[in-house]
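The values are calculated or read from the model by the stated rules, or taken from the named source; none is laboratory data. What you see is a predicted model, and the numbers here were worked out from it, not measured in a lab. For accessibility, only protein heavy atoms count, side chains too; no ligands or nucleic acids. Shrake-Rupley method; radii C 1.70, N 1.55, O 1.52, S 1.80 Å.
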Amino acid sequence: MGYFDALDIAASGLSAQRLRMDIISENIANISTTRTSQGTPYRRKVVVFEAQDNNVRFSELLTESGKKNSLNQGGGVKATKIVEDPSPFKKVYDPGHPDSNEEGFVEMPNVDTVTEMINMISASRSYEANVTSINATKSIALKALEIGR
């Protein structure tokens, strides 16, 4: 793995976690949306990640054949899709609400503030870890240049 590979992997992590934070923010913003264009309450969205073009296993990197095959292998993560959470909507008794049914219950989005905040903290920490990785890679490159002086 080269210098730029490390930066590419960290950059893919930054992009993925930024998208994850955007989706989490959208979920929180729509926590009270009882009617969308489909006529249903807002349904929570989740980002699905996938490894990016890394065909070499870590154990293979420890052998000579793996080292030969690991050159220019990409790596990192990519967001493959954004899926809707199939969990049921919450029912809240509010007979005065315009979207209430004949029994007075309103279907509310399946978004939980606590879950979303935990996911936001996790995404934020992952983002910070990727920034730290980029800074460490820059530091290594600068130290290598200082050795050459």
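When the solvent-accessible surface of protein heavy atoms is calculated with a 1.4 angstrom probe, in what order do Thr80, Thr33 fall, highest first?
Ranking Thr80, Thr33 by accessible area, largest first, yields Thr80, Thr33.
Would you work out what percent of the accessible area of segment 1-51, with all protein chains in place, is carbon or sulfur (probe 1.4 Å)? Please report the intermediate quantities before stating the final value.
Details: 1550 of 2810 Å².
Roughly 55 percent of what the probe reaches on segment 1-51 is carbon or sulfur.
How large is ³J(HN,Hα), in whole Hz, for each residue of segment 134-142 in order, when computed from phi with the Karplus curve 6.51 cos²θ - 1.76 cosθ + 1.60 and θ = phi - 60°, using x for Gly and Pro?
Rounded to whole hertz, the list is 5, 5, 5, 5, 4, 4, 4, 5, 5.
Using the C-alpha atoms of segment 78-144, what convex hull volume per residue, in cubic angstrom, is computed?
116 Å³
Among the aspartates and glutamates, which have Cα under 17 Å from the Cα of Lys81 when same-chain residues fewer than 8 positions away are ignored?
Asp22, Glu26, Glu50, Asp53
Quick one: how many Å² of Lys81 are accessible to a 1.4 Å probe, rounded to 10?
Rounded to the nearest 10, the figure is 120 Å².
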